[in-house]
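A.B. asks: Before I ask anything, here is the structure I am working with.
The values are calculated or read from the model by the stated rules, or taken from the named source; none is laboratory data. Keep in mind that what you see is a predicted model, and the values were worked out from it rather than measured. Here the Cβ positions follow ideal geometry from the backbone for every residue, glycine too, while neighbour counts run over all protein chains shown.
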Amino acid sequence: MSALSLPRKYLILITISILVLQSIFIETCSSEKERFNAERQKMDLLQNDIFTIYLNPQVENISVKCRPLRSNGAFDLTISTKYLDPYSTLGREVSAIWVQPSEPGIYNFTVNFVSNKSWEYMLGVYTRNFDFYREYYGQRISITNFYVELQPALTRHPGNWTINIILRIHSLSPSISYITLPTPVNSAILIAVVGFLAYIDIFILLDTYFKSKKEIVSHTRWIIVAVALLISAYVAYQTYNFATFTLSGGI
């Protein structure tokens with residue numbers, strides 16, 4: 001055996017070993033990606049509130065199912081694969097899922113997707129009943145306008161993932177089913193409109209009343225007065241809805 005042949009054999013052996021190790025590493029990474037991964041949660045929500053899941057970065061092959069565990073459960077479901085939410089602490093374009101259960105009960109909520117890199121997700125809810133969530137989740141929640149961050153972002157490894165969340169939807173109890181008030185700025189708009197309508201109604205009523213003291217007022221005029229009052233009440237109600245639920249910046 002020559003002096004040069006021995007190092008050459010060792011070199012070939014080292015090369016083969018490296019190739020074998022690389023093959024094992026690639027196979028391990030591939031199996032890690034293909035492996036089934038599950039994330040499970042239980043969340044308490046209030047009916048008609050909008051539950052959100054934000055996934056960062058955007059994920060592939062996303063599918064969502066929501067199944068009420070009783071026949072009369074009802075909900076609205078929306079998915080966006082590319083969404084920028086001003087209230088999300090993730091602060092980037094994310095994949096987003098919104099579900100709004102409109103009936104109390106238990107819902108089985110499942111999200112399936114593939115991520116080629118490490119990812120994070122955040123759970124939250126759009127609501128006006130902050131006291132309910134303070135009671136259930138304590139001081140760990142974060143509130144921005146009408147968005148409540150129920151859980152800070154959690155990071156997970158790449159792969160095929162399923163997020164399964166049991167949503168326990170509570171009905172509006174008498175203690176929290178109060179009249180929702182708009183924000184201070186929107187309240188000023190509401191007061192201005194209602195005040196203007198009240199001024200017109202009072203003027204019409206007083207004018208008709210004093211005219212009835214001097215002469216006979218026709219039934220037609222009284223009907224017009226009644227119709228004007230009904231129109232004013234309708235406009236005031238629509239203004240309240242607009243100032244409270246539309247101008248307030250919900251979804």
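A.B. asks: Only one of these conditions is not met by ILE200: (1) farther than 28 Å from ILE62 by Cβ; (2) surrounded by 15 or more Cβ atoms within 10 Å (Cβ to Cβ); (3) modelled with pLDDT of 85 or more. Which number is it?
C.D. replies: Only one criterion is unmet by ILE200, namely (2).
A.B. asks: Of everything in region 108-117 that's touching a strand residue (DSSP E or B) at 6+ places or on another chain (Cβ under 6 Å) and over 11 Å from SER95 (Cβ atoms), which residue is surrounded by the most Cβ atoms within 10 Å (Cβ to Cβ)? Walk me through how you get there before you give the answer.
C.D. replies: Taking region 108-117 first, the residues touching a strand residue (DSSP E or B) at 6+ places or on another chain (Cβ under 6 Å) are 108-114.
Retained after the next criterion (residues that are over 11 Å from SER95 (Cβ atoms)): 108-110, 112, 114.
Details: ASN108: 13, PHE109: 22, THR110: 14, ASN112: 15, VAL114: 14.
Among those residues, the one meeting the criterion is PHE109.
A.B. asks: Could you check, for region 129-138, whether at least one of its residues is within 16 Å of the chain's Cα centre (by Cα), at pLDDT 85 or above and in a strand (DSSP E or B)?
C.D. replies: no
A.B. asks: Take the conditions assigned to a strand (DSSP E or B), modelled with pLDDT under 85 and out of contact with any Leu (no Cβ under 7 Å at 6 or more places or on another chain) and apply them to PRO174. Does it pass?
C.D. replies: Working: assigned to a strand (DSSP E or B): no; modelled with pLDDT under 85: yes; out of contact with any Leu (no Cβ under 7 Å at 6 or more places or on another chain): yes.
For PRO174, the condition - assigned to a strand (DSSP E or B), modelled with pLDDT under 85 and out of contact with any Leu (no Cβ under 7 Å at 6 or more places or on another chain) - is not met.
Matching residues to (1) modelled with pLDDT under 90; (2) over 30 Å from PRO104 (Cα atoms); (3) not basic (Lys, Arg):
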residue: ILE12; (1), (2), (3): yes, yes, yes
residue: THR15; (1), (2), (3): yes, yes, yes
residue: LEU19; (1), (2), (3): yes, yes, yes
residue: ASN37; (1), (2), (3): yes, no, yes
residue: LYS42; (1), (2), (3): no, no, no
residue: LEU46; (1), (2), (3): no, no, yes
residue: SER71; (1), (2), (3): yes, no, yes
